[in-house]
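A short worksheet on the structure shown next.
The values are calculated or read from the model by the stated rules, or taken from the named source; none is laboratory data. Keep in mind it's a predicted model, so treat the numbers as computed, not measured. Quick reminder, even Gly has a Cβ in these numbers, built from the backbone with ideal geometry, and neighbours come from all protein chains shown.
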Amino acid sequence: MPKSEQSLSVFRERIDEIDEQILDLLRERSEVVKGVLLTKIEKKLPIYVAGREANKIQSFREMAIKRDMDPDWAEDFLRMIMSSSRASQSASEFPSATASSKTVLIIGGGGGMGVQYSNLFSASGHQVRILDKNDWHRAEDLFRAVDLVIVSVPINLTQAVIRKAAPFMPDYAVLADFTSNKKDALRAMVDAHPGPVVGLHPMHGPDLQNLSKQLMIYSHGRDEDACTWVLNQFQLWGMRLLQVDPDRHDRVMHMVQGLRHFVALLHGSFMKDFDLKPEEILHFSSPIYRAELMMTGRIFAQDAELYADIVFANEERRQLLLQFMDHHSRLADMVRKGDKKAFVEEFENITGFFGEFAETALEESSYLINRLADRFA
């Protein structure tokens, strides 16, 4: 071993020892967290408490400062630990929002979201039934004495399934849906079912075992009090709740879902036609473009019919996409004319529109870029 390497060996050995100690402490912390989880289940307390986490992070930052350490780095480290703890909390039990178990029927329970929520309701002590497309001959038995019915089917089938399911439901049962379009689904449920109605939109995918910190959007349709236990159950799983107006929800989702996925189609289609293979582009990509490319590629790793249903969900969304294409043509005219002045004016107008959010976006995206570059470089 060269002398230069020998002079470092003592330090490296000590670093290895410290790393082992860190892992041992993390394992011990994980065991304590399991005890916290079991106590929360026993006491029917929420899995995730925002105030507790915020206080813990602030305290950890202060401890880092006292030790002459970077508080931002310390916060990132703690957040990773807490995130790992939440991910490991896929327990066989979760707190229940009710003193006695409820009977929950999930229509489309064989799909990704249906399976996910079936497992969670079961883990909270509720009785779960599943109705998929080949089970309607058993509908009378499946709907008997249910307390909650959740419609979790593709967007284009939702309203028809609601109308088909409603006649089997007891009047006291809560009817809900998981559709990403709220206005039409909520109206269909209110029209079809005389009992409690709430529209739900889980803002996450089906590949999560633990829903702590995930957002559940909801819109009340009828009899809010009767729906309270359902919302409380989500909170006990650690979810955040946000009540929205269904019209406002859909207007925003036209942009968040419909337009975003259509832009991904434009991006991917252009790459395909010009044979711009993503593997080759990555070699020349800045971290921010790599992130954009990964978000585009993520969409094409999933089901085409699902995204077609989202993009072509209703006439209002299709009209927005046509307006988008018309707007695109207007901006493209600047390129045809080489009109740099018009480009700068448009850019500055948009800067004014984004206002302070642009600075927030710069800060958050810089954080993401740095983390991506460090992880995947």
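Among the listed residues LEU242, LEU259, LEU306, LEU331, which satisfies the condition of being among the aliphatic types (A, V, I, L, M), over 30 Å from LEU231 (Cα atoms) and surrounded by 10 or more Cβ atoms within 10 Å (Cβ to Cβ)?
Of LEU242, LEU259, LEU306, LEU331, the one residue that is among the aliphatic types (A, V, I, L, M), over 30 Å from LEU231 (Cα atoms) and surrounded by 10 or more Cβ atoms within 10 Å (Cβ to Cβ) is LEU331.
Here are ALA332, ALA291: which of them is part of a helix (DSSP H, G or I), touching a residue at least 40 places away in the same chain (Cβ under 8 Å) and not aromatic (Phe, Trp, Tyr)? Explain how you work it out, then say what you get.
Numbers: ALA332 fails: touching a residue at least 40 places away in the same chain (Cβ under 8 Å).
Testing whether each residue is part of a helix (DSSP H, G or I), touching a residue at least 40 places away in the same chain (Cβ under 8 Å) and not aromatic (Phe, Trp, Tyr) leaves just ALA291.
Is it true that THR351 is modelled with pLDDT of 90 or more, surrounded by 11 or more Cβ atoms within 10 Å (Cβ to Cβ), within 32 Å of the chain's Cα centre (by Cα) and part of a helix (DSSP H, G or I)?
no
Need pairs with beta-carbon distance below 8 Å; first residue modelled with pLDDT of 95 or more and within region 139-151, second among the polar types (S, T, N, Q) and buried (at least 16 other Cβ atoms within 10 Å of the Cβ); sequence gap 6+ or separate chains.
Once the first residue is modelled with pLDDT of 95 or more and sits in region 139-151, its partners that are among the polar types (S, T, N, Q) and buried (at least 16 other Cβ atoms within 10 Å of the Cβ) give ALA145/THR103; VAL146/THR103; ASP147/THR103; LEU148/THR103; VAL151/THR158; VAL151/THR179.
Under 8 Å between Cβ atoms, which residue pairs at least 6 apart in sequence (or on different chains) link something in region 350-377 that is under 17 Å from ASP72 (Cβ atoms) with a partner that is surrounded by 10 or more Cβ atoms within 10 Å (Cβ to Cβ) and of a type in the set (Phe, Trp, Tyr)?
Between residues of region 350-377 that are under 17 Å from ASP72 (Cβ atoms) and residues that are surrounded by 10 or more Cβ atoms within 10 Å (Cβ to Cβ) and of a type in the set (Phe, Trp, Tyr), there is no close pair.
Residues are listed down the side, and each one gets a yes or a no for (1) in contact (Cβ under 8 Å) with a residue 60 or more places away in the chain; (2) exposed (fewer than 10 other Cβ atoms within 10 Å of the Cβ):
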residue	(1), (2)
SER30	no, no
LEU38	no, no
GLU42	no, no
ILE47	yes, no
GLY51	no, yes
ALA54	no, no
ARG61	no, no
ALA64	no, no
ASP72	no, no
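In region 264-281, what residues are free of Cβ contacts under 8 Å to residues at least 12 places away in the same chain and not basic (Lys, Arg)?
Selection gives LEU266, SER269, PHE270, MET271, ASP273, PHE274, ASP275, LEU276, GLU279, GLU280.
Which numbered condition in (1) part of a loop (DSSP other than H, G, I, E, B); (2) touching a residue at least 12 places away in the same chain (Cβ under 8 Å) is the only one that LEU105 fails?
Here LEU105 clears every test but (1).
Of the residues that sit in region 287-326 and are acidic (Asp, Glu) and farther than 30 Å from TYR367 by Cβ, which one is modelled with the highest pLDDT?
Taking the candidates together, the pick is ASP326.
Please determine whether any residue of region 116-131 is in contact (Cβ under 8 Å) with a residue 60 or more places away in the chain, hydrophobic (A, V, I, L, M, F, W, C) and part of a helix (DSSP H, G or I).
yes
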